[in-house]
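Notes follow the structure.
Bear in mind these aren't lab numbers, they're just calculated from the coordinates by the rules spelled out. Just so we're clear, the structure is a prediction, and the values are computed from it rather than from any experiment. Here the Cβ positions follow ideal geometry from the backbone for every residue, glycine too, while neighbour counts run over all protein chains shown.
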Amino acid sequence: MDSSVFDNNLIRFLFLFGAAGGLVAFFVALSAWLGPKSMNETKAEPFETGMIPKTDARRPFPIKYYLVAIVFIVFDVEVAFLYPWAVEFRNLGAAGFISMMIFLVILLVGLFYAVRKRVFEWK
Amino acid sequence: MIPVSLTDIQGVLPETIVVIAALAVIMADAIRRGHSGALLPVLSVLGLAAAGAAAIFLWGTSGTVFNGTVFADGFASFFKVLFTVIGILTILFSPHYLKITGVRLGEYYALILTAVFGMMVMASAANLLMLYLGLETMSISLYVLAGSQRGDVKSAEAGMKYLVLGAFSSAFLLYGIALLFASIGSLDYEVIGTFFASDFHPGPLLVSGLALLMVGFAFKVAAVPFHFWSPDVYDGAPTTVTGFMSTGPKAAAFVALIRVFGVALAPASSLWSGVLTVLAILTMTVGNVVAIRQTSVKRMLAYSAIAHAGYLLVGIVAGTKAAFAATGYYLSAYALMNLGAFAVLILLNRRDEGSYRFEDLRGMGFAHPLLGITLSVFLLSLTGVPPTAGFFGKLYIFSAAVEQGHIVLAVVGLLNSAVGAYYYLRVITLLYMAKPEGESIIVQPAAYRFALVISALLILVIGIFPEQLLRVITLAVP
Amino acid sequence: MWIDLVILLAKIAVVFAGIMTGAFVLTWAERKQSALMADRIGANRCAILGIKLWGLINSLADALKLIFKEDFLPPKGLRVLHAIAPIFAMFPVFVTFAVLPFGPPLQIAGKEIPLQILTLDIGLLYILAFGGMAVYGVMLAGWASNNKYSLLGGMRGSAQMISYEIIIGLSLIGPVMVFGTLDPGRMVVAQNDLLWGWLPKWGIIVQPLAFLLFLPAAMAETKRAPFDLPEGESEIIGFSLEYSGMRWGMFFLGEFAEIVVLGAVMATVFFGGYQVPYLFSGAEAASLPGFHFPWGGYLPLGEWWIVALRVLSFGFKVLCLMWLQMQIRWTFPRFRYDQLMRVSWREMMPLALANIAVTGIVIMLVSR
């Protein structure tokens, strides 16, 4: 079989990106070109269901989101560790399995702690 | 993957026990939701005691486990025992302090345990990456501990400052490790040692790596001029945590220094011993001189902690087995006396705002004999008066330095000890030479008194029989 | 050389056209299905010269309307971020499909042409990586609009999406352990094996719990009912409040395209991809292409028939899974936000971890 530059995943990847990017850009451009343009002071205000906005939207918001984000990072990293292990699972044998279970148990303690600290309870 | 054997697990038995204890404490705290009474400290002390027992049980083993990344030798075991002692003493002092400051944080005990775990990993690391992992585990726990008095502005500031500067110094250390790896191709101490023992060329990559590594360590042990974080952090952190922070992590960092600079990098000592000498002189002098001018006893002890790091650096510069043994001895003595001194201060502090002024100590020696005597023992030992442990620590370190021809270092160290005597003894004069202002009732919980007496007795015992402890450490020194 | 380029572009065109058509039809199907379920008549007003095509013209009219509407950039917001946010909603969806095989490799003139754009060893990670990018669209849209409702909608949306992303990641571990690969192509090949000689080794049969966890988590990622809290169409106003025209449409085109892509991912991982049970090509079954039934029957089929059947089977499976998502969307009421977070972290997460543990134990017992 003769090989060609298009067998290279990176090249294919670039073409794919170009195509998807082009498609998306096309949609953005279409609306920007064809739509009408008009602007006035009232329209420039953020739409807050008819109320006149009094303050900027850059305000503090509940810290719960931050906690969820932190817990997400912890467990997303865990998932990242799990994938290579899952692929090689059969070759690692019982020792590999037990090691990962210990890791999971430690993280489960963390999850339990977060649950008991009411990180996931929203009023 | 290299299969994990039973020997590997056995080598890290103390660490494993500490982690299990920490997890149990977290679980207990989470289940009881902060209403756990004495359960958490009891669990923590039991865990640490078991870990210490395991470390003693492992005494006499040698070599490395986990594919050469972890030392399972006597030196590691010795320091693991020391760390568990530091942890247990801190925890014995803590419930009372947490009560009077109104901190209700179950995580406090779990964090002390994880910090002890980190120190243990640092002490037994045989690989720079393992060292870094231990260091980070320890540091991150300490950042939170320093800021754990959440209602207090100073504590919050301490936590934040410690986090920012600690992360900064960790980055230095990591960068140094990366550069060393780039020029040597391995992170194992053993390989690094053979590399430097052979005919190597000190290229810019290697030298800058060493420099960054040294800066990282200097930050961690708070050596001048990388000490700026430590007075504020020590001052702002909850006092029990200050005692813990100024002893455990320092000991852990010095073990790592001995293993990395003292052993692995020993053949290349011409590259770094000069810098370390200057650091040691600066650290001793600045720490002592600034300590004189403090108006708060807590802050004075914070600066004196810097000075002690300077004395300990002399041991690293001297670079012989005897010097390392002396450093180990000094670290043990220092841990007991510093922790004890902070603990007595907690009880004697009569104001709520945590100011620890000298006036508070006026005449307390006669009003509260136990506190007066124990604090005097701790301070005399910090000064270095025989027959306390502090005296022999200094003696061993300086004589090791003189043996290696570092006369200047020894002389500067002795002069500094004299300076230290001024501010330490001033406290003792206040304790006994003045009349107390009014009546004072000080609550002294049993566990607290027990821990104080034990620390003071231990200082006297290893001060009166210094040879025994020194011999034990000398046997273990790598 | 040039033929390779043509093949590559053709594959990209087929995939994109498939997704676009799917999304287009879904906008119509959604109305028709909801109308049917609510006993209404549904979209039937738009007509060209009296031809209504069962309401399909409505979708066309929608697209035209979106294109010709004003493209509003809020002058008080962050205009650049506001402008690029919809790109993050749509772009990753189209790119994700590339690693999924939509048919068996073709053998033409001694050349093997895999029917997938990228043959990646780490295909599943690629899917997760680009799937995770969608959260940026919601975040950026909410933040850049400088509108409190948008901001809250964006925060709600991102918290929801990251919570369920963990479940997606964890639930796919099980199939990876069973098939021992991250490459969707090899995963599909492995799923043509038979368990005990008669049961196709599809993902849903060896990993039923993983599928039950993946389906709702994936639907939460599409932000559609019953997980439509970031942008509750009926009454909540969410992250896309300050959007109009086609850039608003892109968020929702992205959503519909995501339904197609998720259908394809589920078909690949859990429903045997392009495989038809008991159908083997010549290379797989000792030069006897065709159906090999477990009771011993054999139905010969030409190689090209097999390819056609398999491509059709993939399409059919994706259609069924799209229908399933629609059905769920119109059957269940919306979750409350506290329920949403609780289900993900406190209920699905331990289940997903338990699934991994049980899978590991079973595999070790079986392979012993």
Relative packing of C:106-119, B:299-312, B:13-26, which averages over residues the other C-beta atoms within 10 Å, highest first: B:299-312, B:13-26, C:106-119
Peptide C:164-177, shielding by other chains (average Cβ, 10 Å cutoff): 4
Sorted largest first, extent of the protein assembly as shown alpha carbons per principal axis (Å): 110, 71, 51
Positive-end extreme of charge dipole, chain B - chosen from B:Met122, B:Thr320, B:Met337 (charges on Cβ): B:Met337
Folded to 0 to 90 degrees: helix B:204-221 orientation relative to chain B principal axis, Cα: 20
Within-14-Å neighbourhood charge of C:Ser367 [Cβ basis; K, R +1; D, E -1]: +1
GNM top mover of C:Phe91, C:Phe293, C:Phe316 - chain C, alpha-carbon springs below 10 Å: C:Phe293
DSSP H segments from chain C that extend 24 Å or more along their own axis, Cα-based, with Kyte-Doolittle mean of 0.0 or above: C:2-37, C:79-96, C:123-144, C:148-179, C:245-270, C:303-331, C:349-367
Under Karplus coefficients 6.51, -1.76 and 1.60, residue-wise ³J(HN,Hα) of region B:169-174 in Hz, glycine/proline x: 5, 4, 5, 4, 4, 5
Charge tally in the Cβ shell below 15 Å around C:Leu140, where Lys, Arg are +1 and Asp, Glu are -1, C:Leu140 excluded: +3
Largest-first ellipsoid semi-axes for region B:241-397, taking √(5λ) over the Cα gyration tensor eigenvalues, angstrom: 32, 16, 13
On Cα atoms only, tilt of B:269-292 relative to the major axis of chain B in degrees: 10
Out-of-range pairs (alpha-carbon distance over 24 Å; input B:Lys321/B:Lys394; B:Lys154/B:Lys435; C:Lys32/C:Lys317): B:Lys154/B:Lys435
Kirkwood-type radius of region A:5-116, with distances r between different C-alpha atoms, in Å: 20.7
Percent of alpha-carbon pairs separated by more than 38 Å within region C:2-367: 22
Whole-number D in µm² s⁻¹ for region B:158-307, Kirkwood Cα-pair radius fed into Stokes-Einstein, 37 °C, 0.692 mPa s: 202
Packing rank of B:241-247, C:286-292, where each peptide gets the mean count of other beta carbons within 10 Å, highest leading: B:241-247, C:286-292
For residues of A:21-30, the mean tally of beta carbons on other chains within 10 Å: 6
Mean Cβ count within 10 Å, highest first, over the residues of peptides B:363-372, B:278-287, C:267-276: C:267-276, B:278-287, B:363-372
Whole-Å distance, taken between Cα centres, linking region C:247-279 and region B:228-242: 57
Full-stretch length increase - C:Ser367, C:Phe68 - with 0.36 nm per residue and alpha-carbon distance subtracted: 101.5 nm
Cα gyration tensor of chain B - equivalent ellipsoid semi-axes, whole Å, descending: 34, 26, 20
Counted charge near B:Val70, where neighbours are those whose Cβ lies closer than 15 Å (Asp, Glu -1; Lys, Arg +1): -3
Average partner coverage of C:64-75, which counts Cβ from other chains inside 10 Å: 5
Cα long-axis angle, helix B:128-146 against chain B (0 to 90 degrees, to the nearest 10): 20
Longest to shortest principal axis, alpha-carbon extents of region B:284-478, angstrom: 54, 34, 26
